[in-house]
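Below is one structure, written out as structure tokens; the observations come after it.
The values are calculated or read from the model by the stated rules, or taken from the named source; none is laboratory data. Treat the numbers as computed from the prediction; the structure is a model and nothing was measured. Every residue, glycine among them, receives a Cβ derived from its backbone with ideal geometry; neighbour counts consider all protein chains shown. Surface areas here come from the heavy atoms of the whole protein model, side chains and all, with no ligands, DNA or RNA. Shrake-Rupley method; radii C 1.70, N 1.55, O 1.52, S 1.80 Å.
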Amino acid sequence: AWDELKARSLENCMLLDVRCSLPELGNLMEQYDSALELVNDGSDLGYVLDEQGQGQPDFLEKYFAAMELERCDTISTALDIALNLNCYDMVLAGQEKEYGLNMMEQLMTQSADPVITPDCVQLKEYGFFLLEQEGYVLNTKGTAYIRRNSQEFYFEHTAPRTEPGVTMS
């Protein structure tokens, strides 16, 4: 940013225009008092997105679904979500049958004499049912089901929101 602005420091720079590749983050001019804070947070978010969870499968899908679930509209909230992706469970759309089968198999291993077997169940519909019962929400793109799990969410860049939201335990 310093090179682009031809400045030695951002402390005396004034924000006149800000552009972001994530439109859901709202008006960044209103979120920051200084160019330095914006550049630092923007750089941190860029780094996190570039790393993509150190190769975590479906990182971006999970990240954007979590942002939608939390109604994320600031860079600082986006940073907290990125650093707390372990607080979200996700099932990709199209994997409802596999999810139903996995859950059915877990039930069968917990029961000494299973009454129901996967052959007796419509696994895709069972998967849909379980996702709904377990609090998963389908994102607006229809590509992933997501929910908040019970792991503690650490707020490093924001304060916990006090208003009730869509998030689930």
Q: Quote the FRET efficiency, to the nearest 0.05, computed for Asp58 versus Glu30 with a Förster distance R0 of 41 Å and r equal to the Cβ-Cβ distance.
A: 0.80
Q: Check each of the trypsin sites (Lys or Arg not before Pro) in the stretch 19-111 and keep only those in coil by DSSP with at most 15 other C-beta atoms within 10 angstrom; list them in order.
A: Arg19, Arg71
Q. Along the Cα-to-Cβ line of Gln151, 7 Å from the Cα, sits a label point; which residues in the stretch 34-74 have backbone N less than 16 Å from it?
A. 52-67
Q) Quick one: length gained pulling Glu132 to Glu51 fully straight, 0.36 nm per residue minus the C-alpha distance? A) 26.0 nm
Q | Protein accessible area in the stretch 49-114, 1.4 Å probe - carbon and sulfur % | A | 46 percent
Q | Near-label residues of the stretch 77-100 by backbone N, under 12 Å of a point 7 Å along Cα→Cβ of Lys124 | A | 94-98
